[in-house]
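Asks: Attaching a single structure in structure tokens format; questions to follow.
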Amino acid sequence: MSGTHGTETTAGPVLGDIPPEATAATGEAGDNAAGVAAVGRVARALMPTTGVISDPTELRTYECDGLAHYRVTPALVVLPETTEQLAAVVRACAEHGVPFVARGSGTGLSGGALPRADGVLIVTSRMRTIREVRRADQRAVLEPGVINLDVTRAATGEGYYYAPDPSSQQICSIGGNLAENSGGAHCLKYGFTSNHVLGAELVTPQGDVVQLGGLAPDAPGYDLLGTVVGSEGTLGIATTATVRVVRLPEEVRTLLVGFRSTDDAGAATSAIIGSGVLPAAIEMMDALAIEAAEAAVHCNYPDGAGAVLVIELDGPSAEVQHEYDVVERLCQEHGSFELRLAIDATERALIWKGRKSAFAAVGRISPDYIVQDGVIPRTALPEVLRAIADLSSSSGVRVANVFHAGDGNLHPLVLFDDAKPGAGEAAEQVSGAILDLCISHGGAITGEHGVGVDKAAYMPKMFTDDDLDTMQLVRCAFDPGGIANPGKVFPTPRLCGEVPGKRKHAHPLVEAGLADAF
Amino acid sequence: MTTVSLDAARTALSSACGDVTDAGPADAVDGVPATLVARPGSTAETAAVLQAAAGHGLTVVPRGRGTKLSWGRPPERADLVLDTSRMSAVLDHAAGDLIVHTQAGTLLADVQATVGSAGQRLSLDEAVPGSSIGGALATNTSGPGRLVVGTARDLLLGVTLVRADGVIAKAGGRVVKNVAGYDLGKLVIGSFGTLAVITDAVFRLHPLPAAERFVTVPFGTAEDAAALVQTMVHAQVVPAAVEVEWRVDGAGTVGVLLGGTPTGVEARTAATLQLLGAGAEAAETPPPGWGVLPWRDDADLPEVGLKLTCALSGLAPVLDTARRAAADVGVPLTLRGSGGAGVLYGALAADAPVDAVAAVVERTRTACTAHGGSLVVLEAPAAVQAAVDTWGPVPAIDLMRRVKEQFDPERRLAPGRFVGGI
């Protein structure tokens with residue numbers, strides 16, 4: 001389990017390394033070749049030649065997402081340019097029983113976009129138009145391949161921005177964000193993708209195009225949108241998203257605070273949240289993560305810090321001043337030895353550069369590493385960080401911590417050298433033990449990276465069979481054939497029984513003239 | 001039910017749950033008489049009750065405190081009312097983590113009292129006084145505070161459900177950030193008891209603001225109201241609420257809530273007064289009717305209660321159309337709601353002619369729909385309910401029916417109350 005990131009010179013393990021529990025997710029190459037060929041014919045009839053890929057060498061370009069440990073060559077790749085094309089491909093998949101996997105920019109960290117060897121990979125990167133920024137409505141209407149940061153770029157001139165900001169925001173797509181319910185540093189105050197996606201046009205796994213939600217809130221009926229967001233591509237493919245854009249704050253203050261230990265930094269975090277101040281972000285990095293960031297981007301973090309907090313306060317100036325005073329005092333009371341306030345955009349960018357580049361920077365101090373993603377109650381931070389340190393020292397596996405402290409969303413980076421025999425296994429063990437720590441503290445096995453293929457086997461540690469069965473009732477409603485990203489999220493698929501079709505009889509209320517059928 | 005099957009059902013229910021009684025007139029659901037009432041004391045008892053109900057083919061209408069049972073359409077049958085009011089404990093308030101875990105039958109007000117003692121709140125306004133947590137979730141009520149903190153879907157972290165077949169299922173968890181598995185909590189919010197019975201819930205909390213100030217300004221026309229709302233939502237003073245009220249007598253008010261630190265609120269209030277211009281006034285207390293649904297809740301003859309939504313850019317035409325539609329048929333209309341969030345509630349007199357109400361509903365719904373929104377008739381006398389389309393057009397209704405068929409294939413949970421006869 002968990003994503004292994006090698007540096008560019010370290011080729012990731014290939015298909016043979018996929019653990020047994022994951023093979024159900026990948027399919028067998030050559031299965032239902034006739035069905036795949038039929039889907040290919042449909043796609044070629046609708047799309048330019050460059051939009052349909054079946055050459056084996058080109059297919060390999062798509063063999064993994066950001067979780068490069070798992071690789072599967074898809075049977076076919078299509079790059080539709082319109083909803084109609086995408087829906088036609090999905091309909092063909094449904095007709096021929098061919099599984100499909102959606103992919104945006106391929107930056108996901110849980111293998112959610114890992115292709116199927118017997119299936120079609122549907123890539124949304126050619127659906128990259130920002131249809132509208134509707135200032136009066138505080139909304140933007142986007143195609144799924146739109147890059148996250150481009151939404152903010154398009155809205156800034158109107159005084160607005162798109163709040164969810166995963167570290168990969170320069171390349172990750174809105175469609176991928178929607179599928180994964182992506183978070184980011186600023187979701188402490190502003191919420192996750194699910195809080196910002198108000199509508200979507202969805203191509204269902206049967207190829208129907210439906211509108212869920214929209215410009216107005218509280219659409220009548222079940223909140224299917226709320227269930228689709230974060231369903232990791234298992235309930236269909238969003239072909240447009242209507243998102244909230246947020247007014248730029250009057251003032252932003254970014255602080256970098258140095259502490260001697262993660263205990264002190266964690267206690268300061270709890271004290272700040274407990275005081276009633278809600279910063280836009282509170283991020284923590286420990287000494288090893290700081291070392292890596294310094295090596296990579298020379299962010300000039302405080303010398304000798306055992307931990308730093310990056311704290312951002314935003315809002316009306318009069319409130320920010322007060323919050324700043326509180327935060328400064330609480331940091332000092334909890335042992336901070338240096339507090340820097342970014343005086344301009346350049347300094348602010350440098351502070352954030354250290355944080356946002358931290359995952360990649362770890363490549364400077366370790367040839368290989370696993371990015372873990374778990375959540376604990378914020379008050380358990382000091383205890384869990386000590387337990388992780390104990391795990392690290394007893395196993396000899398180094399662990400760097402970079403994470404969203406305000407949310408309790410940990411991102412331990414487990415370092416190893418795959419060239420050393422047994423090192424990968426030892427790292428996997430530590431990574432798994434960290435997840436167990438999260439579960440035993442009442443937390444979650446993923447806060448923002450998703451379950452994907454990576455953590456499906458962990459789902460039974462957090463949920464009962466009945467819980468998982470109930471979730472899959474939704475799956476059966478949307479995808480009775482089980483062709484949308486099969487093998488992801490759930491460790492075992494639920495048999496949906498009879499494929500539900502149209503009602504056999506008119507609804508009694510309709511018959512009685514009491515309700516309309518729509 | 002025949003006497004024999006009723007006796008058998010009562011016996012089965014009684015062995016599942018110690019508190020089973022015959023229903024009285026007060027237990028009727030929107031005019032539909034109920035037969036039995038079960039009051040389970042726990043999730044396990046709820047599961048046992050639902051299993052027994054399944055075994056005897058009983059339709060089940062979940063009930064919290066019964067304050068919104070007349071919303072939506074009446075159920076086709078109500079063999080059993082499953083009353084959650086005995087499950088009324090706040091299970092855990094983890095103040096340091098800003099979360100609360102509560103049973104579903106707990107009064108929203110009791111949750112607020114518990115978390116309020118630590119200077120926190122569940123940022124879910126009590127739109128209908130006396131609501132339980134489960135009832136507020138099932139009907140997705142909200143109030144002025146939705147502008148910034150959102151609605152139940154933005155606050156609910158975890159949920160325990162009991163399915164129609166008696167299976168207990170959890171989704172989400174106890175931490176503020178969690179993307180493991182499907183978010184079933186969002187699915188049951190606003191589902192009117194048609195998918196499952198909610199037995200407990202975990203919410204994120206917010207700190208209570210140290211200071212609050214209300215700024216109001218009168219308006220005369222729909223365009224004026226919309227312009228004032230636009231001014232506020234694009235300002236950088238971060239209003240916690242932007243409300244619009246348009247009374248029967250034509251008096252209109254835009255109300256703005258500012259919450260934060262005393263010094264911050266003072267500065268932001270000054271900025272807001274300037275933004276809203278002549279006639280704006282600040283007060284320490286909310287204006288009359290703040291956060292209260294505009295219709296009178298009378299069990300015998302309820303007023304007509306409408307919920308209107310639209311894109312913010314559609315606020316002026318929606319306000320204008322509603323007002324004109326009511327005036328044209330000579331029916332007084334009160335409008336009130338979270339204009340800054342694109343949500344309004346309308347009240348029409350209980351004795352308004354059915355045809356007139358239908359005309360107002362139809363014209364206003366057309367305007368709402370044209371601006372990306374909808375109109376739902378939440379509350380209405382039986383004659384009106386029979387004459388109007390309660391829920392209006394619902395995109396993706398086929399998919400919703402399929403979800404219902406998966407969760408409740410026998411259509412025993414609140415059948416007929418929800419969209420499209422679900």
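Asks: Quickly run through region A:443-479 and pick out the residues that are over 17 Å from the mean Cα position of the chain (by Cα), assigned to a loop (DSSP other than H, G, I, E, B) and facing another protein chain (nearest Cβ under 8 Å).
Replies: A:Gly443, A:Phe463, A:Thr464
Asks: I need a count of the residues in region A:71-84 that are over 20 Å from A:Asp31 (Cα atoms) and surrounded by 22 or more Cβ atoms within 10 Å (Cβ to Cβ).
Replies: Count: 2.
Asks: Further, regarding this structure: Which pairs have Cβ atoms under 6 Å, sit 6 or more apart or on different chains, and link a residue in region A:288-315 that is more than 17 Å from A:Ala342 (Cβ to Cβ) and crowded, with 24+ Cβ neighbours inside 10 Å to one that is aromatic (Phe, Trp, Tyr) and at pLDDT 95 or above?
Replies: A:Ala307/A:Phe259
Asks: Moving on. If a residue must be outside any strand (DSSP E or B), touching a residue at least 60 places away in the same chain (Cβ under 8 Å), surrounded by 16 or more Cβ atoms within 10 Å (Cβ to Cβ) and not β-branched (Val, Ile, Thr), how many such residues does region B:210-246 contain?
Replies: The total comes to 7.
Asks: Under the condition of being within 14 Å of another protein chain (Cβ to nearest Cβ) and among the β-branched types (Val, Ile, Thr), which residue from region B:299-343 is surrounded by the fewest Cβ atoms within 10 Å (Cβ to Cβ)?
Replies: B:Val343
Asks: Restricting to region B:132-178, give me the number of residues that are over 22 Å from A:Met471 (Cα atoms) and either within 11 Å of chain A (Cβ to nearest Cβ) or over 14 Å from the mean Cα position of the chain (by Cα) (or both).
Replies: Total satisfying the criteria: 8.
Asks: If you take just the strands (runs of 3 or more DSSP E) that sit entirely in region B:267-347, which of them hold at least 3 residues that are at pLDDT below 95 and of a type in the set (Asp, Glu)?
Replies: No strands (runs of 3 or more DSSP E) qualify here.
Asks: Take the residues in region A:256-283 that are within 14 Å of another protein chain (Cβ to nearest Cβ) and farther than 20 Å from A:Gly191 by Cβ; name whichever of them is surrounded by the fewest Cβ atoms within 10 Å (Cβ to Cβ).
Replies: Per the stated criteria, the residue is A:Ser275.
Asks: Would you point out which residue out of A:Ala155, A:Ala136 is assigned to a helix (DSSP H, G or I), in contact (Cβ under 8 Å) with a residue 40 or more places away in the chain, within 14 Å of chain B (Cβ to nearest Cβ) and more than 25 Å from A:Val451 (Cα to Cα)?
Replies: Of the residues listed, the single one that is assigned to a helix (DSSP H, G or I), in contact (Cβ under 8 Å) with a residue 40 or more places away in the chain, within 14 Å of chain B (Cβ to nearest Cβ) and more than 25 Å from A:Val451 (Cα to Cα) is A:Ala155.
Asks: Taking region B:343-364 as the region of interest, how many residues are within 19 Å of the chain's Cα centre (by Cα) and not aliphatic (A, V, I, L, M)?
Replies: The total comes to 2.
Asks: Let me ask you something else. What are the residues in region B:405-422 that are within 8 Å of chain A (Cβ to nearest Cβ), outside any loop (DSSP other than H, G, I, E, B) and out of contact with any helix residue (DSSP H, G or I) (no Cβ under 6 Å at 6 or more places or on another chain), if any?
Replies: Once the filter is applied, which keeps residues that are within 8 Å of chain A (Cβ to nearest Cβ), outside any loop (DSSP other than H, G, I, E, B) and out of contact with any helix residue (DSSP H, G or I) (no Cβ under 6 Å at 6 or more places or on another chain), region B:405-422 yields B:Glu405, B:Val419.
Asks: Take the residues in region B:387-400 that are part of a helix (DSSP H, G or I) and within 7 Å of chain A (Cβ to nearest Cβ); name whichever of them is nearest to A:Gln206 (Cα to Cα).
Replies: My answer is B:Leu399.
Asks: Before we move on, is B:Pro129 over 20 Å from A:Gly447 (Cα atoms) and either within 11 Å of chain A (Cβ to nearest Cβ) or out of contact with any strand residue (DSSP E or B) (no Cβ under 6 Å at 6 or more places or on another chain) (or both)?
Replies: For B:Pro129, the condition - over 20 Å from A:Gly447 (Cα atoms) and either within 11 Å of chain A (Cβ to nearest Cβ) or out of contact with any strand residue (DSSP E or B) (no Cβ under 6 Å at 6 or more places or on another chain) (or both) - is met.
Yes/no matrix, rows are residues, columns are (1) among the basic types (Lys, Arg); (2) touching a Lys or Arg at 6+ places or on another chain (Cβ under 8 Å); (3) touching a residue at least 12 places away in the same chain (Cβ under 8 Å):
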| position | (1), (2), (3) |
| --- | --- |
| B:Ser14 | no, no, no |
| B:Asp19 | no, yes, yes |
| B:Ala23 | no, no, yes |
| B:Ala28 | no, no, yes |
| B:Val32 | no, yes, yes |
| B:Ala44 | no, no, yes |
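Asks: Follow-up question, since we're still on this one. Looking only at region B:156-171, which residues are surrounded by 24 or more Cβ atoms within 10 Å (Cβ to Cβ) and either within 22 Å of B:Val292 (Cβ to Cβ) or free of Cβ contacts under 8 Å to residues at least 60 places away in the same chain (or both)?
Replies: Across region B:156-171, the qualifying residues are B:Leu156, B:Val159, B:Leu161, B:Ala171.
Asks: Does any residue in region A:353-371 that is within 14 Å of A:Phe416 (Cα to Cα) come within less than 6 Å, Cβ to Cβ, of a residue that is among the charged types (D, E, K, R) six or more places away or on a different chain, and which pairs are these?
Replies: Between residues of region A:353-371 that are within 14 Å of A:Phe416 (Cα to Cα) and residues that are among the charged types (D, E, K, R), the close pairs are A:Pro367/A:Asp417; A:Asp368/A:Asp418.
The values are calculated or read from the model by the stated rules, or taken from the named source; none is laboratory data. None of these values were measured; they are calculated from a predicted model. Every residue, glycine among them, receives a Cβ derived from its backbone with ideal geometry; neighbour counts consider all protein chains shown.
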